[in-house]
Amino acid sequence: MKLLFDLHTHTLASGHAYSSLKENIEAARDKGLLAMGTSDHAKSIPGACGPLFFKNYKIIRNEIMGVRIYKGIEANIMDRKGTLDVPEGLLKTLDYVIASLHLPA
Ligand SMILES: [Zn+2]
């Protein structure tokens, strides 16, 4: 099976990975992926990026090194109602959202 994209990646910016966004894009290019999403964790996990980090996604081009870049977030589900730890206004600026359950959150 050939993978076409990877939408669940993290970067050094959150402290939850060991590679930069550029290194992730290079890896996606080298694997022949058509697209890659960057989805650092939302604020409720210690060390995660704040809202400004995600608001600044607009400076990242939509295609880099021949790879389509999607700008997302891995939000934390905070309660049984499914409340996320990302403000609605920020969610609207992103290409996609991963909703996860993480124990630290
Ligand atoms: Zn993750």
- Task: Would you tell me the accessible area of residue 29, worked out with a 1.4 angstrom probe on the heavy atoms of the protein chains, in Å² to the nearest 10?
- Result: 100 Å²
- Message: Suppose the chain between residue 83 and residue 68 were pulled fully straight at 0.36 nm per residue; how much longer would it get relative to their current alpha carbon spacing?
- Response: 2.4 nm
- Task: Could you tell me what percent of the accessible area of segment 1-101 is made up of carbon and sulfur, with a 1.4 Å probe and every protein chain present?
- Result: 58 percent
- Query: For the chain, what log10 I(q)/I(0) values come out of the Debye formula at q = 0.12, 0.14 1/Å, with one point per alpha carbon and no solvent?
  - Reply: -0.39, -0.53
- Query: How large is the accessible surface per residue of the chain, computed with a 1.4 Å probe and reported in Å² as a whole number?
  - Reply: 62 Å²
- Task: Might you report the magnitude of the Cβ-based charge dipole of the chain about its Cα centre, with Lys and Arg at +1 and Asp and Glu at -1, to the nearest 20 debye?
- Result: 220 debye
- Item | 0 to 90° range, to nearest 10: angle between helix 21-30 axis and the chain longest Cα axis | 40 degrees
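The values are calculated or read from the model by the stated rules, or taken from the named source; none is laboratory data. As the structure is a prediction and not an experimental result, all values here were calculated from the model. We place every Cβ from the backbone using ideal geometry, glycine too, and count neighbours over all the protein chains shown. Areas reflect the complete protein model, heavy atoms only, side chains present, ligands, DNA and RNA absent. Shrake-Rupley method; radii C 1.70, N 1.55, O 1.52, S 1.80 Å.
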